[in-house]
Amino acid sequence: MLDTVDKVSKILFSVVGTFCIAVATYEVEWTRLGLETDGFCLEHAQTYEAMLLQYRETPPPVVVDRYAERCGVSEDEAFSDLKTIQAIVIQQAQTAVSAGQVGQVSSAEDLLSGFVAVGSAEPSVFRDVNFDVAGDGSPAIQDGAAPDIGTVLVARWGVNLRTNLLLTTSGKNPSKTVIPPGGCVRIIGAPEVRGTKYWAKVELLDCPG
């Protein structure tokens, strides 16, 4: 029991607690997640809040292009920023904003695990996969194959940690928290294809090394 409490405390403070979005302003969260902090760029990103919430899978190309142009970053950097912003927007839309509360979870231990979209079952471009394999940096999905149980993954951008495997559009699969860019998870359940993507049960953990 003490081991569990110790693990929960350590991970919550080092991974989840640091990136708790339910009590953070946009400006604080942008800075904390390493996003572009220029005032104009931040204001521009916020104008797309409703659109990013509507397009729950991938930010529209026109938004990516415009963000890249106005913020002076590459299209891949813009996509990464917008995916993280999108995860924050989704999380804030689903979470009661009250101090010390993150998502609809029953306990601190429950917050440590959940489900993530690893990426497209048939990826064709960098943007199709949400994670890389820790250590060698290879894409989490290669040649249509998903990683094995026990594999540690590193998030390419902000990724929602979901409650279950129901469709995200059903309204019955809320986001527990946002895994930050560079945040790590370990696969604890065999990945399976849902729709066009591989999903897997994961647990949050400190990144190795």
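Mind counting the residues in region 185-195 that are farther than 16 Å from Asp148 by Cβ and at pLDDT 90 or above?
1
Tell me the residue from Val159, Val185, Val178, Val193 that is surrounded by fewer than 22 Cβ atoms within 10 Å (Cβ to Cβ) and either of a type in the set (A, V, I, L, M) or over 21 Å from Ala121 (Cβ atoms) (or both), please.
It is Val193.
Could you tell me whether Asn130 is touching a strand residue (DSSP E or B) at 6+ places or on another chain (Cβ under 9 Å), modelled with pLDDT under 95, of a type in the set (S, T, N, Q) and crowded, with 19+ Cβ neighbours inside 10 Å?
Taking the combined requirement at face value, the residue does not satisfy it.
Contact list please: Cβ distance under 8 Å, first residue in region 167-196 and part of a strand (DSSP E or B), second residue hydroxyl-bearing (Ser, Thr, Tyr), pairs at least six apart or on different chains.
Here the result reads Ser175/Thr95; Ser175/Thr163; Lys176/Thr163; Val178/Thr84; Arg186/Thr151; Ile187/Thr151; Glu192/Tyr198, each pair linking region 167-196 to a residue that is hydroxyl-bearing (Ser, Thr, Tyr).
Take the residues of region 109-127 that are assigned to a strand (DSSP E or B) and not aliphatic (A, V, I, L, M): which is modelled with the lowest pLDDT?
In this case the residue turns out to be Ser113.
The values are calculated or read from the model by the stated rules, or taken from the named source; none is laboratory data. Everything numeric in this text was worked out from a predicted model, so none of it was measured. Cβ coordinates were reconstructed from backbone atoms using ideal geometry, including for glycine residues, and neighbour counts include every protein chain displayed.
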